[in-house]
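Report on the structure given below.
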Amino acid sequence: SQQGEEDPQALSIQEGENATMNCSYKTSINNLQWYRQNSGRGLVHLILIRSNEREKHSGRLRVTLDTSKKSSSLLITASRAADTASYFCATDAKAAGNKLTFGGGTRVLVKP
Amino acid sequence: SAVISQKPSRDICQRGTSLTIQCQVDSQVTMMFWYRQQPGQSLTLIATANQGSEATYESGFVIDKFPISRPNLTFSTLTVSNMSPEDSSIYLCSVEGSGEETQYFGPGTRLLVL
C-alpha cells in the first residue's frame, strides 16, 4: 500500500499564482522528499526535509512537515508555465531501509 | 549527483515476448532501484539491485517475471518476461547519490504491449 497520499490529485492555476499540494503518510519517517516529473519522464528531486525539521525553502519552493499529523505540504510561489508537471512526495520510512515509497502525485497545470 | 541513461527509451512489443531494459550510471553506485509506473499512476518499487548479490523483490513482483542483472557498479538490466498488455508502463531505474538520501532517476522506458 502507498505510504503517501496526496491531494489534490490535480490543480489548475494561472501563471503567477501559488500552488499548494499536500501529502499524508502513515508510519514514522526518516525524511520526506518531493520530486517533479515532466510528461511521464524521469523524476527530478526537488527538496528533502528531515523528520526533525519543520520547514525548508529552496528558491520558489517551500516545504513544511508536521510529524504529529504525519503530513507535509509543498508550496510553489509565483508559478510559471514551466512548473507544469506531476509532483510526488516520497517517504523514507524508518522500517523500510533505503527504499522510498511514493504518493499518488498531484498533476499541476500552470496556464500562461 | 548522478547521470543515468536507459535503453530503449520506448518500445512496442507483442504479448508473450520479453524485453530487456538497460540502465547505465556515470558513477559507481552500490544500490540501484527499478520502478514501474502504470499509466496515470505513481511509482511502485519492483526490486533493489546490489552488485554481486541477488536482487531483492517487493511484494507482488517475482524474479521469473522480472529478472534483474547487476554485473558491475555502473550497470543493471531489467527484463520484463512473457509480456501481457497489463505490463504496459513506464519502467524507471534510479540510484542513491553517494552519501545522499535522495535518488536520481533515469529518463524511463515507455513500454506498450499489444
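Divided by 2.2 N^0.38 Å, where N counts the residues, the Cα radius of gyration of the protein assembly as shown comes to 1.02.
Please give the FRET efficiency for B:E101 paired with B:K65, using the beta carbon to beta carbon distance and R0 = 25 Å, rounded to the nearest 0.05. Let's see the in-between values first.
Numbers: r = 30 Å, r/R0 = 1.18.
Given R0 = 25 Å and the Cβ-Cβ separation, E is 0.25.
One Cα centroid belongs to segment B:4-39, the other to segment A:70-112; the line between them spans 23 Å. Exposure proxy shown here: for A:K94, B:K7, A:K70, the number of other Cβ atoms within 10 Å sets the order, fewest to most, as A:K94, B:K7, A:K70. A simple charge model with +1 on the Cβ of Lys and Arg, -1 on the Cβ of Asp and Glu and nothing else charged puts the dipole of chain B at about 380 debye relative to its Cα centre.
Given an 8 Å cut-off on Cα distances and at least 6 residues of separation, report the relative contact order of chain A as a percent. Kindly include the intermediate steps, with their values, before the conclusion.
On the way: 288 pairs, mean separation 43.2, N = 112.
Once normalised by length, the contact order is 39 percent.
From least to most packed, judged by other beta carbons within 10 angstrom and beginning with the fewest, A:L46, B:L112 follow the order B:L112, A:L46. Cysteine residues of chain B whose Cβ has no partner cysteine Cβ closer than 4.7 Å: B:C13. Modelled label positions at B:D11 and A:S73, each set 7 Å beyond Cα in the direction of Cβ, lie 4.5 nm from each other. Neighbour counts of other Cβ atoms within 10 Å put B:Y91, B:Y57 in the fewest-to-most order B:Y57, B:Y91.
In square nanometres, what is the average projected area of the Cα convex hull of segment A:13-83? Let's see the in-between values first.
On the way: hull surface 20.8 nm².
Projected area, direction-averaged: 5.2 nm².
With each label modelled as a point 7 angstrom along the Cα→C-beta vector, the A:E55-A:L109 pair spans 3.2 nm.
So what are segment A:63-112's ellipsoid semi-axes, whole angstrom, largest first, if each one is the square root of 5 times an eigenvalue of the alpha-carbon gyration tensor? The partial results should precede the final answer.
Values: eigenvalues 137, 36, 12 Å².
Square roots of five times the eigenvalues give 26, 13, 8 Å.
In this structure, B:L73 and A:A96 have a Cβ-Cβ separation that, at R0 = 25 Å, corresponds to a calculated FRET efficiency of about 0.60.
With both residues required to sit in chain A, DSSP beta bridges show an antiparallel share near 90%.
Please give the length that would be gained between A:A81 and A:E17 if that part of the chain were fully extended, namely 0.36 nm times their separation in residues minus their C-alpha to C-alpha distance (nm, one decimal). Don't jump to the answer; show the numbers that get you there.
Values: separation 64, 0.36 × 64 = 23.04 nm, distance 1.07 nm.
Going from the current span to full extension adds 22.0 nm.
Cα-based Rg of segment B:65-114 per 2.2 N^0.38 Å, rounded to two decimals? Mind dumping the intermediate values first?
Working: Rg = 13.1 Å, N = 50, 2.2 N^0.38 = 9.7 Å.
Scaled against compact globular proteins, the figure is 1.35.
Legend: distances between Cα atoms for A:K69/B:K65; A:K56/A:K99; A:K26/B:K7; A:K56/A:K94; A:K56/B:K7; pairs beyond 32 Å are A:K69/B:K65; A:K26/B:K7; A:K56/B:K7. Pairs of Cα atoms nearer than 8 Å and 6+ residues apart set the relative contact order; for chain B it is 37 percent.
Along its first, second and third principal axes, ordered by size, segment B:1-101 spans 40, 26, 22 Å in Cα coordinates. Rounded to the nearest 20, the Cβ-based charge dipole of the protein assembly as shown about its Cα centre (Lys and Arg +1, Asp and Glu -1) stands at 220 debye.
Every number in this text was worked out from the coordinates using simple rules, so none of it is lab data. Model, not experiment: these values are computed from the prediction. We place every Cβ from the backbone using ideal geometry, glycine too, and count neighbours over all the protein chains shown.
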